[in-house]
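What follows draws every value from the coordinates through simple rules; no lab data is involved. What you see is a predicted model; the values in this text were computed from it and never measured. FYI the Cβ positions are ideal-geometry reconstructions off the backbone, even for glycines, and counts take in every protein chain you see.
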Amino acid sequence: MKIVLATNNQYKIEEIKDILSDPKLEILTLNDFPDFPRVEETGETLEENAILKAKEIYRFASLTTSQFAKLISLADDSGLEVDALNGAPRVFSSRFAGEHCSYKDNNLKLLSLMKNIPWEKRGATFVCVVAIAKDLDNIRIIRGEVRGIIAFKEKGENGFGYDPVFYLPELEKTFAQLSFKEKNTISHRALAFRRTKELIQKDFGYD
């Protein structure tokens, strides 16, 4: 079974390939396609964006070469939902501080908006939505969520995105303070893609 990951984010690719690791699955990425398209995330929800990307990459991969007799396209859209901000930034998480902003820019904007919010009201949810495309008319959706707290300052050097400010009380660490393996066991993306792997094995089947 060949799986094409519909993302250009190298951090995500590394995490997803680790979660899906299986000798029976061949994971393909942008590195396997010289003309891998960049899909505009024009959806109003994480689900809509994931479906857009999964369909576009499935269409591209299936037309690029005839070898994909058994092809699945996987796309995820992830977002941070902050209670005190009425659920923002949600679908705008990657561009919260503006177009072409950095991870640092997003974190600094979030911390600025949250500077007067007390600890007990700093709850947040990391969400990962995965769209699984077996063909253009057969799309499945998987969702993974993790609850945490927005820290008062960035902590940790690992991970990416909002990891330095997403604090897990039960571990007394931010995502960025966890090792790669630790995060890839408990994160929203880990939960969503483990369920995705189970669904592929059960419902789609592969030799």
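Of note:
- L25 long-range amide H proximity, modeled H, under 5 Å: none
- Loop sites in the range 112-163: trypsin sites (Lys or Arg not before Pro), DSSP, at most 12 other Cβ within 10 Å: K115, K153
- Listed values for the range 28-38 are Karplus-derived 3J(HN,Hα) couplings in whole Hz (6.51 cos²θ - 1.76 cosθ + 1.60, θ = phi - 60°), namely 10, 9, 4, 5, 8, 9, x, 10, 3, x, 9, and x replaces Gly and Pro.
- Rounded to whole Hz, the Karplus (6.51, -1.76, 1.60) HN-Hα couplings of the range 124-136, x for glycine and proline: 7, 10, 8, 10, 10, 10, 10, 9, 10, 10, 8, 7, 5
- Computed from the C-beta positions of E157 and K121, the FRET efficiency with R₀ = 30 Å rounds to 0.65.
- A simple rule links phi to the HN-Hα coupling: the Karplus curve 6.51 cos²θ - 1.76 cosθ + 1.60 with θ = phi - 60°, which for the range 109-114 gives 5, 4, 4, 5, 5, 9 Hz, with x for Gly and Pro.
- Among the GluC sites (Glu not before Pro) found in the range 143-175, those both in a DSSP coil and sparsely packed, with 12 or fewer other Cβ atoms within 10 Å of their Cβ, are E157, E170, E172.
- Where labels lie 7 Å past Cα in the beta-carbon direction, separation of T64 and E44 in nm: 3.2 nm
- Label separation (S102 vs N9): 1.8 nm, computed from points 7 Å beyond Cα along the C-beta direction.
- Taking other C-beta atoms within 10 Å as the exposure proxy, C128, C101 rank C101, C128 from fewest upward.
- For semi-axes √(5λ) of the Cα gyration tensor in Å, the value calculated from this model appears in (1) 26, 19, 17; (2) 31, 18, 14; (3) 22, 21, 17 under label (2).
- Between D137 and Q201, the distance separating the two model label sites (each 7 Å from Cα on the Cα→Cβ line) works out to 3.0 nm.
- Distance violations [Cα-Cα > 27 Å] among K53/K183; K109/K183; K24/K104; K121/K173; K153/K197: K24/K104; K153/K197
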